[in-house]
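To keep things clear, I will list the structure first and then write my remarks on it.
The values are calculated or read from the model by the stated rules, or taken from the named source; none is laboratory data. Remember, it's a predicted structure, so these values are computed and weren't measured experimentally. Neighbour counts are summed over all protein chains in view; Cβ atoms, including those assigned to glycine, are modelled from backbone coordinates with ideal geometry.
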Amino acid sequence: MNIYDIAKEAGVSIATVSRIINNKGNVSPKTQDKVLKVMQDMGYTPNAFARALGLNSIKMVGVLCSDVADKHYAKAVSIIEKELRSNGYDAILCCTGKDLKDKKKAINVLLSKRVDAMILVGSVFQEKDDNSHIKEAAETIPVMIINGTYDYENTYSVSCDEEESVYTCVKKLVEDNHKEILYIYDVESLSGINKKNGYLRGLTESNIPINEQLIVKCDRTLDSVKDAVDRVIENDIQFSAIIAAEDVLAVGAMKSLTKKRIRVPRQVVVVGFNNSVLAECSTPALTSIDNKIEILCESAVKTLLDVFDGKKTKKHQIIKGNIVYRESFVPNKM
């Protein structure tokens, strides 16, 4: 039994049922009485139903993050919490790690706390095979994912077009006469796959053969990426540019180049991803693809607020990234 069954039986929209369950108003007393009667007749009694019977919303949104120690995720959580607070909502944060069992446990904890909605930060929350646990959660409350997408009712998403962003970067490098581009990445998440696809598409459309030796996977640590780049150099694999899927990987790569007395950007140019504080603090300052994390998080919160208010809103929003040029790569033709 879920809100879709209730909506069908009562002859109203899912949005109307959601507004009643979440005590959001904008529903006539006659319609509300009709829907509540259907709920009672059909035995619909989750925690959210208790709110519809007279308790107010707790004005709380659950936020799931795999690792708040990650600077990018920490920034996202901070922006989300600030946006929620400025609109009268509090946040409950659950750090889940990457294990599916722990993600499901965190979702159940938030549901038991009767949160009004959930925001999932990062494509790590979009499983490759089975997202049925998300579908079940969305039968009770709205679910928003940042940099992912679900095709279920009552789910919403905002994403940076990461594939197009990396593709554009490759094209810029090729225009600047860089044909041997080393690509460094760390995960095979949806985000990781999209970025890698952008790299491959950029080379293919530039008629540059794919060299698997120039595609390097490593852990997201400075030591791991330094060791990986060291091996590429020691194996005499030629490259004049590096694109890293994360800023921390790019910084690690530059440390390896410095140790090998390879000058950035004179001999090798380097581009990171996320436009984090690391990009500005590194030496030389790092050119980085800005995935617009502030806009993504603000849009995620705004979308949920519109859903709460019964306003029409887009289920999926795509935001374009852009390259922020600094010392590690400035094209000859801007």
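Name the residues in segment 53-89 that are among the acidic types (Asp, Glu) and modelled with pLDDT of 95 or more, would you?
Result: 81, 83.
Scan segment 238-267 residue by residue and report those that are more than 25 Å from residue 168 (Cβ to Cβ) and touching a Leu at 6+ places or on another chain (Cβ under 7 Å).
255 - this is the single residue of segment 238-267 that is more than 25 Å from residue 168 (Cβ to Cβ) and touching a Leu at 6+ places or on another chain (Cβ under 7 Å).
List every residue pair whose Cβ atoms lie under 7 Å apart, where the two residues are 6 or more positions apart in sequence or sit on different chains, the first residue falls within segment 177-188 and is over 16 Å from residue 246 (Cα atoms), and the second residue, located anywhere, is surrounded by 15 or more Cβ atoms within 10 Å (Cβ to Cβ).
Every condition considered, the pairs that remain are 178/240; 178/241; 178/269; 179/208; 180/214; 180/239; 180/240.
Could you tell me whether residue 206 is more than 24 Å from the chain's Cα centre (by Cα), closer than 22 Å to residue 331 by Cβ and small (Gly, Ala, Ser)?
yes
Could you list, in sequence order, the residues of segment 135-176 that are out of contact with any helix residue (DSSP H, G or I) (no Cβ under 8 Å at 6 or more places or on another chain) and without any contact (Cβ under 8 Å) to a residue 40 or more places away in the chain?
135, 136, 138, 151
Which ones in segment 74-100 are of a type outside the set (Lys, Arg) and either outside the structural domain of residue 141 (by TED's automatic domain parsing) or within 11 Å of residue 297 (Cβ to Cβ) (or both)?
Within segment 74-100, 76, 77, 78, 79, 80, 81, 83, 84 qualify.
Name every residue in segment 18-38 that is part of a helix (DSSP H, G or I) and modelled with pLDDT under 80, in order of residue number.
Of everything in segment 18-38, those that are part of a helix (DSSP H, G or I) and modelled with pLDDT under 80 turn out to be 18, 19, 20, 21.
Note down all Cβ pairs under 9 Å where the first residue falls in segment 97-117 and is on the phi < 0 side of the Ramachandran plot and in a helix (DSSP H, G or I), the second is modelled with pLDDT of 95 or more and among the aromatic types (Phe, Trp, Tyr), and they're at least six residues apart or on different chains.
Note: pairs meeting the criteria are 103/125.
Filter segment 209-223 down to residues that are surrounded by fewer than 15 Cβ atoms within 10 Å (Cβ to Cβ) and closer than 13 Å to residue 256 by Cα and give me whichever is farthest from the chain's Cα centre (by Cα).
By that ranking, first place goes to 223.
Could you tell me whether segment 292-303 includes any residue that is under 23 Å from residue 186 (Cβ atoms), aliphatic (A, V, I, L, M) and touching a strand residue (DSSP E or B) at 6+ places or on another chain (Cβ under 9 Å)?
Checked segment 292-303: at least one residue is under 23 Å from residue 186 (Cβ atoms), aliphatic (A, V, I, L, M) and touching a strand residue (DSSP E or B) at 6+ places or on another chain (Cβ under 9 Å).
Name every residue in segment 151-162 that is modelled with pLDDT of 95 or more and surrounded by 20 or more Cβ atoms within 10 Å (Cβ to Cβ), in order of residue number.
155, 156, 157, 158, 159, 160, 162
Output the residue which, of all residues in segment 1-16 that are modelled with pLDDT under 80 and of a type in the set (Val, Ile, Thr), is surrounded by the most Cβ atoms within 10 Å (Cβ to Cβ).
Here the answer is 3.
Restricting to segment 174-188, name every residue that is surrounded by fewer than 24 Cβ atoms within 10 Å (Cβ to Cβ) and hydrophobic (A, V, I, L, M, F, W, C).
Scanning segment 174-188 gives 174, 187.
I'm trying to understand the selection: among the residues of segment 71-96, which are free of Cβ contacts under 8 Å to residues at least 24 places away in the same chain and either crowded, with 21+ Cβ neighbours inside 10 Å or among the acidic types (Asp, Glu) (or both)?
81
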